[in-house]
1. By its C-alpha gyration tensor, with a ≥ b ≥ c as the square roots of the eigenvalues, how is the stretch 48-127 shaped: rounded for a/c under 1.5, else prolate for a/b larger than b/c, else oblate?
2. If the elastic network links every pair of Cα atoms under 10 Å, which of H107, H120, H56 fluctuates the most in the Gaussian network model of the chain?
3. Please give the contour-minus-distance gain from D116 to T141: 0.36 nm per residue of separation, less the Cα-Cα distance, rounded to one decimal in nm.
4. May I ask you to give the percent of accessible area on the stretch 9-156 that is carbon plus sulfur, with a probe radius of 1.4 Å?
5. If you compute Cα extents along the principal axes in Å for the structure shown, which of (1) 43, 36, 32; (2) 57, 33, 24; (3) 94, 42, 37 do you land on?
6. Give the angle, between 0 and 90 degrees and rounded to the nearest 10, that separates the Cα long axis of helix 50-70 from the longest principal axis of the Cα atoms of the chain.
7. Taking the chain as a Gaussian network, where each spring joins two C-alpha atoms under 10 Å apart, which residue of A144, A129, A99 fluctuates the most?
8. Can you compute the helix-only [θ] at 222 nm over the chain? Use -39500 (n - 2.57) per DSSP H run of at least 4 residues, normalise by all residues, nearest 500 deg cm²/dmol.
Amino acid sequence: MTQQRRTVRPFTGKKMAAILVAFFAVVISVNVLMARLATSTFGGVVVNDSYLAGQHFNRWLKEAKVEQALGWKGDLARDGQGRAEIALFDSMGKPISAARVTAIAEHPLGRRPLADLVLHETLPGVYAAPLEAGRWRLRVTVEAEGKVWRTVGEVL
């Protein structure tokens, strides 16, 4: 049986310094990358008073269940004139006419100010309002037949 000799290299301060520098370089690089991705991809939603929002949460859930039970649907798009447009249908697929339709348009990244819209009926069940070009998230509120229905969607 032959024995192989292994050379033992001493663990020096230079090796320890290299390990520490490499470790912190990786940690800092990952943190910078994640922070950059987080700030460049989503502007975030700010609630002025999180405690108050929490107090209303259960009420909002009940309202959402009632709205979902209505079975209404809305198709958001841009019309041929560049306006924001929503086509509204009830649970039977019939157009919802004579409704009061409002919306708040917000830029997905929060780079433009909010815009309040009042959409007017252009065809039975189709409502439109002028909206600046670009990508917008619309929070739409529909009041018809004594009921309220809300939806959120995007237009390009």
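The values are calculated or read from the model by the stated rules, or taken from the named source; none is laboratory data. Keep in mind the model is a prediction, meaning the values are calculated, not measured. A quick note on method: Cβ atoms are made from the backbone with ideal geometry, for glycine too, and the neighbour counts reach across all protein chains shown. In case anyone asks, the SASA skips ligands and DNA or RNA and just uses the protein heavy atoms, side chains included. Shrake-Rupley method; radii C 1.70, N 1.55, O 1.52, S 1.80 Å.
1. Because a/c hits 1.5 or more and a/b fails to exceed b/c, the stretch 48-127 counts as oblate.
2. Result for the chain, Cα springs under 10 Å: H56 fluctuates most.
3. 7.9 nm is the gain from fully extending D116 to T141.
4. Looking at the stretch 9-156 in its full context, I get 62 percent from C and S.
5. (3)
6. The answer is roughly 50 degrees.
7. For the chain, modelled as a Gaussian network with Cα springs under 10 Å, the answer is A144.
8. Working: 2 runs with 50 residues, N = 156.
Rounded to the nearest 500, the figure is -11500 deg cm²/dmol.
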